[in-house]
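K.L.:
Take this structure first; my questions come after.
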Amino acid sequence: MSTVKQRVRKLEKQIDEQPFWQEEKLRMPIIVLGSVIYAIGVNLFLRPLHLYSGGFMGFAQLITTMLRSAGIYSGKTDLAGVIFYLMNVPGLILAFRTMRKRFVVKTLLSVTLMTVLLTVFPIPDKPILEETIANCLVAGILGGTGIGLILRAGSSDGGMDLISMILIQKKGHFSVGTVSIATNAVLYGICLFVFDVPTAIYSLINSVISSSTCDRVHTQNINVQATVVTKLEDTEPMEVAIMGSMGRGLTKLEASGRFTGENESLFLIVISKYEIGKLLSVIRTYDPGAFIILNENIRVEGHFIKKLT
């Protein structure tokens, strides 16, 4: 094993052995914030309209409505959050077997928080805004932002988003929002059959807005090509830091400035948008004067790991 590879493996091991709280202390508040924002969007803006959220939460609402209509449950406590939690148990077991344990712990936290908040937060008797479409838009934006923040913190809100992340981790060519829209087509087809056209249409509008917002906040799903030009004579320490701390490979090319004639090193690195800040921090530590070009929304074929957790 080469010296560079040994140093990279050593740095990776040091990072993996860091205590959970030391690595995740900045992400936990984001998970809490995302859960609160999501619960506000659903309970305060969507539920008063008797519309249905997307994914597992929408199915949980649908089951709750059917239980009440059938007279099986008539209590004051809303069961949607509890049913949502129970529906997530199989997904959490699958995640425990296939994903990082840190991810499972954070997902368990977010799902638990969302369940508690959705059960505790009051549901107004009347919609907050006068226009139905306005409530749908606000609920979609808040819900998508909340879920996006949870995903951005390397966690999941459970349900189809959790299944989507497992698929992305294994296959790569998936979008959390796209999978969510496909799943919701089934949900709202049921709503169309059981209820009426306006209920299905307005619920679908909320879902599309939420999914689109989620994909824009969830920056791990956006691929970025970084081209780095440096004049450092010894680039090995920077290479080891990038590969070891970020778990990303890089390609090095020898170049020269056509105007100055100086020797330069050129690095090609593919990362997610979420990792840009960390990459810039590492590079600036070793070469504050490095020239960096970032191209977003690139398509990647071949061995590229999407790091969502």
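The values are calculated or read from the model by the stated rules, or taken from the named source; none is laboratory data. In this text, all values refer to a predicted model and were calculated from it rather than measured experimentally. Neighbour counts are summed over all protein chains in view; Cβ atoms, including those assigned to glycine, are modelled from backbone coordinates with ideal geometry. Calculation scope for accessible area: heavy atoms of the full protein, side chains included, ligands and nucleic acids excluded. Shrake-Rupley method; radii C 1.70, N 1.55, O 1.52, S 1.80 Å.
K.L.:
Restricted to the stretch 269-279, and to residues that are outside any strand (DSSP E or B) and touching a helix residue (DSSP H, G or I) at 6+ places or on another chain (Cβ under 7 Å), which residue is surrounded by the fewest Cβ atoms within 10 Å (Cβ to Cβ)?
P.N.:
Going residue by residue through the stretch 269-279, those that are outside any strand (DSSP E or B) are 273-279.
Keeping just the survivors that are touching a helix residue (DSSP H, G or I) at 6+ places or on another chain (Cβ under 7 Å) gives 273-275, 278-279.
On the way: Lys273: 17, Tyr274: 19, Glu275: 19, Lys278: 14, Leu279: 20.
Result: Lys278.
K.L.:
Take the conditions without any contact (Cβ under 8 Å) to a residue 40 or more places away in the chain and of a type outside the set (Lys, Arg) and apply them to Ser256. Does it pass?
P.N.:
Values: without any contact (Cβ under 8 Å) to a residue 40 or more places away in the chain: yes; of a type outside the set (Lys, Arg): yes.
When the stated conditions are applied, Ser256 passes them.
K.L.:
List the number of the failed condition for Gln22; all other conditions in (1) within 17 Å of the chain's Cα centre (by Cα); (2) open to solvent by 60 Å² or more (accessible area, probe 1.4 Å); (3) modelled with pLDDT under 85 hold.
P.N.:
(1)
K.L.:
Return the residues of the stretch 226-268 that are in a loop (DSSP other than H, G, I, E, B), hydrophobic (A, V, I, L, M, F, W, C) and within 31 Å of the chain's Cα centre (by Cα); say none if nothing qualifies.
P.N.:
Looking only at the stretch 226-268, we keep the residues that are in a loop (DSSP other than H, G, I, E, B), and these are 231-235, 247-250, 257-262.
Still in the list and also hydrophobic (A, V, I, L, M, F, W, C): 232, 250, 259.
Within the stretch 226-268, just Leu250 meets the criteria.
K.L.:
Which condition number does Leu266 fail, the rest of (1) aliphatic (A, V, I, L, M); (2) at pLDDT below 90; (3) more than 30 Å from Gly148 (Cβ to Cβ) being met?
P.N.:
The failed condition is (2).
K.L.:
Before we move on, is Phe193 farther than 21 Å from Phe45 by Cβ, in contact with a helix residue (DSSP H, G or I) (Cβ under 9 Å, 6 or more places away or on another chain), surrounded by 13 or more Cβ atoms within 10 Å (Cβ to Cβ) and aromatic (Phe, Trp, Tyr)?
P.N.:
Answer is no for this residue.
K.L.:
From the list Ser245, Ser207, exactly one residue is within 30 Å of Gly34 (Cβ to Cβ), polar (S, T, N, Q) and surrounded by fewer than 18 Cβ atoms within 10 Å (Cβ to Cβ). Which is it?
P.N.:
Numbers: Ser207 fails: surrounded by fewer than 18 Cβ atoms within 10 Å (Cβ to Cβ).
After applying the criteria, what remains is Ser245.
K.L.:
How many residues does the stretch 228-237 hold that are at pLDDT 90 or above and open to solvent by less than 10 Å² (accessible area, probe 1.4 Å)?
P.N.:
Adding up the residues that qualify gives 2.
K.L.:
Sticking with this one: In the stretch 71-123, what count of residues is obtained for those that are touching a helix residue (DSSP H, G or I) at 6+ places or on another chain (Cβ under 7 Å), outside any helix (DSSP H, G or I) and at pLDDT below 85?
P.N.:
Of the residues in that region, 6 qualify.
K.L.:
Would you pick out the residues in the stretch 98-121 that are of a type in the set (Val, Ile, Thr), within 16 Å of Met57 (Cα to Cα) and touching a residue at least 40 places away in the same chain (Cβ under 8 Å)? Reasoning before the result, please.
P.N.:
Of the stretch 98-121, the ones of a type in the set (Val, Ile, Thr) are 98, 104-105, 107, 111-112, 115-116, 119-120.
Next cut, within 16 Å of Met57 (Cα to Cα) only: 107, 111-112, 115-116, 119-120.
Result: Thr107, Val111, Thr119.
K.L.:
Of all residues in the stretch 90-112, which are of a type outside the set (Ser, Thr, Tyr) and closer than 18 Å to Gly54 by Cα?
P.N.:
Of the residues in the stretch 90-112, the ones of a type outside the set (Ser, Thr, Tyr) are 90-97, 99-106, 108-109, 111.
If the condition is that a residue be of a type outside the set (Ser, Thr, Tyr) and closer than 18 Å to Gly54 by Cα, then Gly91, Val111 are the ones that fit.
K.L.:
Let me ask you something else. Which pairs turn up if I take residues in the stretch 25-51 that are open to solvent by 60 Å² or more (accessible area, probe 1.4 Å) and at pLDDT below 95 and look for partners that are of a type in the set (A, V, I, L, M) and not in a helix (DSSP H, G or I) with beta carbon separation below 8 Å, at least 6 apart in sequence or on another chain?
P.N.:
So the pair list comes out as Ile30/Ala153.
K.L.:
Can you run down the residue pairs with Cβ atoms below 7 Å, 6 or more apart or on separate chains, where the first is in the stretch 60-81 and open to solvent by 30 Å² or more (accessible area, probe 1.4 Å) and the partner is modelled with pLDDT under 85 and hydroxyl-bearing (Ser, Thr, Tyr)?
P.N.:
Between residues of the stretch 60-81 that are open to solvent by 30 Å² or more (accessible area, probe 1.4 Å) and residues that are modelled with pLDDT under 85 and hydroxyl-bearing (Ser, Thr, Tyr), the close pairs are Leu67/Tyr73; Arg68/Ser74; Leu79/Tyr73.
K.L.:
Can you tell me which residues in the stretch 124-147 are β-branched (Val, Ile, Thr), in a loop (DSSP other than H, G, I, E, B) and surrounded by 14 or more Cβ atoms within 10 Å (Cβ to Cβ)? Give the steps one after another, and end with the answer.
P.N.:
Kept after step one, since they are β-branched (Val, Ile, Thr), are these residues of the stretch 124-147: 128, 132-133, 138, 141, 145, 147.
So of that shortlist, the ones also in a loop (DSSP other than H, G, I, E, B) come out as 128.
Listed by number, the list is empty, since nothing qualifies.
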